[in-house]
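Right, one structure below, let's go through it.
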Amino acid sequence: MEFYEVINKRRSIRQFEDKEIPREVLERILDAGLKAPSSNHQRRWELVTLTDKNIIMELAQFVRPYPCRIGEPKTPQQEMFKIAYPRQRTMIEEAACVILPYFKQKHPLSEEKNGYGLMDYGATWALVENMLLAATAEGLGAVVHIPVKKEPEQIKKFLKVPDGWALPTLVVLGYAVKDPILPTQVKATVENKVRWNK
């Protein structure tokens with residue numbers, strides 16, 4: 001798939017077929033992530049990659065589906081909430097692979113002395129975007145789930161992750177069902193979002 005076609009085709013997919021992803025496809029996606037730029041060229045990442053369906057199902061239990069009380073969405077954001085919130089757990093349960101991109105973190109991001117830690121946090125999101133684009137190029141659906149409240153600690157304990165590692169998101173992969181439910185895209189174009197020289 002041509003690069004700009006990949007950019008334009010990438011969407012957050014939250015409904016997956018019950019179908020395994022070949023190992024070589026996953027390795028290409030992981031490799032694409034690991035090619036991302038990083039803070040001080042240290043690449044302080046560890047990618048916990050889950051393909052065992054039993055482990056994925058156990059992990060999903062730490063993520064609760066969020067209720068959405070929006071009846072008739074009036075904005076693309078409300079439409080996204082209505083689609084995404086109730087599927088936070090089921091999209092993980094249906095996934096063929098869940099990647100947890102941990103990064104080394106000396107101090108919590110909330111501490112002033114950890115300003116430089118934002119570089120590692122930002123680098124991890126560059127890694128995630130590379131994987132999302134690679135998944136699209138491979139014909140897969142992908143979405144992220146940002147762990148909230150007790151989820152990060154519960155997941156860390158479940159996977160026996162040592163202290164000093166932070167988890168900004170889960171990358172959820174699978175083959176998309178036919179005609180997955182997608183919210184309307186917010187219009188973001190060079191004409192309406194770019195300011196030149198001022």
| field | Flag for K187 being within 25 Å of A135 (Cβ to Cβ) and of a type in the set (D, E, K, R) | value | yes
| query | So how many residues does the range 160-198 have that are hydrophobic (A, V, I, L, M, F, W, C), in contact with a strand residue (DSSP E or B) (Cβ under 6 Å, 6 or more places away or on another chain) and in a loop (DSSP other than H, G, I, E, B)? | reply | 1
| query | Hey, G33 hits all of (1) part of a helix (DSSP H, G or I); (2) open to solvent by 30 Å² or more (accessible area, probe 1.4 Å); (3) closer than 25 Å to K160 by Cβ but one; which does it fall short on? | reply | (2)
| said: open to solvent by less than 50 Å² (accessible area, probe 1.4 Å), without any contact (Cβ under 8 Å) to a residue 40 or more places away in the chain and among the acidic types (D, E): is that true of E111 in this structure? | reply: no
| query | What number of residues in the range 177-190 are of a type in the set (S, T, Y) and either crowded, with 18+ Cβ neighbours inside 10 Å or in contact with an Asp or Glu (Cβ under 8 Å, 6 or more places away or on another chain) (or both)? | reply | 1
| Any residue in the range 164-183 that is of a type in the set (G, A, S), more than 15 Å from F62 (Cα to Cα) and at pLDDT 95 or above? | yes
| said: Looking for something surrounded by fewer than 15 Cβ atoms within 10 Å (Cβ to Cβ), assigned to a helix (DSSP H, G or I), acidic (D, E) and modelled with pLDDT of 90 or more - is there at least one such residue anywhere in the range 52-64? | reply: yes
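Yes/no matrix, rows are residues, columns are (1) in contact with a Pro (Cβ under 8 Å, 6 or more places away or on another chain); (2) aliphatic (A, V, I, L, M); (3) open to solvent by 60 Å² or more (accessible area, probe 1.4 Å):
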| site | (1), (2), (3) |
| --- | --- |
| I70 | no, yes, no |
| T90 | yes, no, no |
| L100 | no, yes, no |
| D120 | no, no, no |
| A126 | yes, yes, no |
| query | Name the residues in the range 130-176 that are closer than 20 Å to F81 by Cα, open to solvent by 20 Å² or more (accessible area, probe 1.4 Å) and not basic (K, R), would you? | reply | V144, I146, V148, A176
| task | Select, from S39, S12, the only residue that is in contact with a helix residue (DSSP H, G or I) (Cβ under 9 Å, 6 or more places away or on another chain), small (G, A, S) and under 16 Å from L182 (Cβ atoms). | result | S12
| With (1) within 29 Å of E153 (Cβ to Cβ); (2) hydrophobic (A, V, I, L, M, F, W, C); (3) not in a loop (DSSP other than H, G, I, E, B) as the list, and I21 as the residue in question, which single condition is left unmet? | (3)
| Sole exception among (1) under 21 Å from I13 (Cβ atoms); (2) in contact (Cβ under 8 Å) with a residue 40 or more places away in the chain; (3) open to solvent by 60 Å² or more (accessible area, probe 1.4 Å); (4) not in a helix (DSSP H, G or I) for K106, by number | (1)
| task | For the range 1-48, enumerate the residues that are charged (D, E, K, R), more than 25 Å from L118 (Cα to Cα) and out of contact with any Phe, Trp or Tyr (no Cβ under 7 Å at 6 or more places or on another chain). | result | E2, E5, K9, R10, R11, R14, D18, E20, R23, E24, E27, R28
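The values are calculated or read from the model by the stated rules, or taken from the named source; none is laboratory data. Small disclaimer: the values here were computed from a predicted structure and weren't measured. Methodologically, a virtual Cβ is constructed for each residue, glycine included, from the backbone with ideal geometry; neighbour enumeration extends over all protein chains shown. Calculation scope for accessible area: heavy atoms of the full protein, side chains included, ligands and nucleic acids excluded. Shrake-Rupley method; radii C 1.70, N 1.55, O 1.52, S 1.80 Å.
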